[in-house]
Amino acid sequence: MSTLTIFASTTAFTASTDDARTAHATVTPAAPATATGGRPIPAVLGSDLEVPVKGGRLVRYANLDYAASAPCLEPVSAAVAAALPAYSSVHRGAGYASQLTTARYEQARHTVRAFVGARPHDSVIFTRNTTDATNLLARSLPEGTTAVVFDTEHHASLLPWDRAVRLPVPAFPGEAVRAADEALSSIEGPALLVVTAASNVTGELWPIAALAHIAHRYGARILVDAAQLVPHRRLNLTALDLDYVVFSGHKLYAPFGTGALVGRSDWLADAEPYLRGGGAVRAVTDDGAEWHDDPEARHEAGTPNVLGAVALAAACDALSATGWTPLVREEERLLTRLRAGLASIPGVHELSLWGPDHPRVGIVSFVVDGLTAREVAETLSGDHGIGVRDGKFCAHPFVRHLLGAKDGGCDDVTASAVRASIGIGTTEEHVDRLIGALRDLASRA
């Protein structure tokens, strides 16, 4: 098995409510373009944005904050613009615009299913983002389920669970697998292992295939936070034998307020609706409500974010059509340049969980001796037109561990770092500008 595989390898619709929701079961998706037959890497909006810097000058913006929110791909913007003229309600209207919008919405669900390599009968539930999707699953767990989660996780994975076993930060990948094995072996009743695919702090890839194997050995299930993986690598839920994945459109070049929960339907079908309202019910009587059996209807009450779903599907299509080989090759070239530049600056220290050679996506966090993370980020922005993130990255326990810091509370600026993250649209000039600015900053600190 390759390293990439181990660490997260990566139109005719009827418009009635029931038919539209089940159309994905009868339509075969087009095979995604292979890397060798892919298209040119698509452009992002905002590549020509100019921002003010010290002295009143305008400079071209160097966006190195993709891990927070990626810019919009041009094909995504075009798809939203194309859908707007016929925008209407979904699953309810008999008019042409409503039928067309319903078809587009359900096609988006179908596209997302294919993009992550889901099983044919897996549910695809549109949510606001990864946090929303994770909380939806947390509210759908069978009674008495215990979640097993590492202290390295994003808060969206740490906080939603009523019953949780927290595992300490593992010193190496094999220790993560061993710790999960030990924890799951002692749990009676249903269990859910929760793990990230790629760290939002260090970019390092986690052994999700091995962790899925361990979970299934004990009859448990696994939820994978793929928010930082899917913009950078191919994910195949079926090949990795994952039960659930969650991710956000705003990190996948589709910043229109949509995310997704994809995975097994049974827990979702048996759970109380995440929201109660129109669309989630088959019927409402004087005595109560009969909830829809289909999880995709049951947990999507109210009018959904149709344009967000269209945008998310367009991003999935654009990345698949480009092919992952050129995307990964370009990212790794720029990431190597960035990390080598950081390593060459005295006083700048990259944060890492499992060492400099461990596989990772285009995310790097670091600290600068003598300066707080906020001072570094503000100087990079105000003097150089560079956008980065500073703070604890919604992963407070993990960042404190990496920095060797005690729990000093949310306002402890000393327990923070700077994060630079890259993606489609990042250039050598962006990387070199950051390295030059940090070299100057470190020499004066």
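The values are calculated or read from the model by the stated rules, or taken from the named source; none is laboratory data. Fair warning: this is a prediction, and the values are worked out from it, not measured in the lab. Positions of Cβ are backbone-derived with ideal geometry, glycine not excepted, and every protein chain shown enters the neighbour counts.
A few remarks follow.
- Residue in region 172-183 that is part of a strand (DSSP E or B), assigned by TED's automatic domain parsing to the domain that holds A313 and of a type outside the set (K, R) present: no
- Spans of strands (runs of 3 or more DSSP E) in region 112-168 with at least 2 residues more than 21 Å from A179 (Cα to Cα): 123-127
- Scanning region 157-173 for residues that are of a type in the set (G, A, S), surrounded by fewer than 21 Cβ atoms within 10 Å (Cβ to Cβ) and within 17 Å of A191 (Cα to Cα) yields a single hit, A164.
- Just one residue in the set A260, A283 is among the aliphatic types (A, V, I, L, M) and buried (at least 24 other Cβ atoms within 10 Å of the Cβ); that residue is A260.
- Options S69, S9: the member that is outside any helix (DSSP H, G or I), modelled with pLDDT of 95 or more and not assigned by TED's automatic domain parsing to the domain that holds N236: S69
- Whenever a residue of region 192-217 is in a helix (DSSP H, G or I), its partners that are of a type in the set (D, E, K, R), lying with C-beta atoms within less than 7 angstrom and at least six residues away or across chains, give the pairs A212/D241; I214/D181; A215/R221; H216/D241.
- Enumerated strands (runs of 3 or more DSSP E) restricted to region 252-318, each holding at least 3 residues that are within 18 Å of the chain's Cα centre (by Cα): 259-263
Here is a yes/no grid of residues against (1) out of contact with any Ser or Thr (no Cβ under 9 Å at 6 or more places or on another chain); (2) closer than 23 Å to G423 by Cα; (3) not acidic (D, E):
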site	(1), (2), (3)
A79	yes, yes, yes
A82	yes, no, yes
A86	no, no, yes
R92	no, no, yes
A97	no, no, yes
Y105	yes, no, yes
V112	yes, yes, yes
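- Restricting region 236-257 to residues that are hydroxyl-bearing (S, T, Y) and in contact with a helix residue (DSSP H, G or I) (Cβ under 9 Å, 6 or more places away or on another chain), the residue that is surrounded by the fewest Cβ atoms within 10 Å (Cβ to Cβ): Y244
- Residue count for region 334-364 satisfying the condition of being more than 24 Å from V53 (Cβ to Cβ) and under 22 Å from the mean Cα position of the chain (by Cα): 11.
- Single unsatisfied condition, A227 versus (1) farther than 30 Å from H213 by Cβ; (2) modelled with pLDDT of 90 or more; (3) among the hydrophobic types (A, V, I, L, M, F, W, C): (1)
- Some residue of region 222-235 being at negative phi, surrounded by fewer than 24 Cβ atoms within 10 Å (Cβ to Cβ) and assigned to a strand (DSSP E or B): no
Residue by residue, here is whether (1) within 26 Å of A395 (Cβ to Cβ); (2) crowded, with 23+ Cβ neighbours inside 10 Å holds:
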{"position": "V80", "(1), (2)": "no, no"}
{"position": "Y87", "(1), (2)": "no, no"}
{"position": "V90", "(1), (2)": "no, yes"}
{"position": "T102", "(1), (2)": "no, yes"}
{"position": "T130", "(1), (2)": "yes, yes"}
{"position": "E143", "(1), (2)": "no, no"}
{"position": "D151", "(1), (2)": "yes, no"}
{"position": "H155", "(1), (2)": "yes, no"}
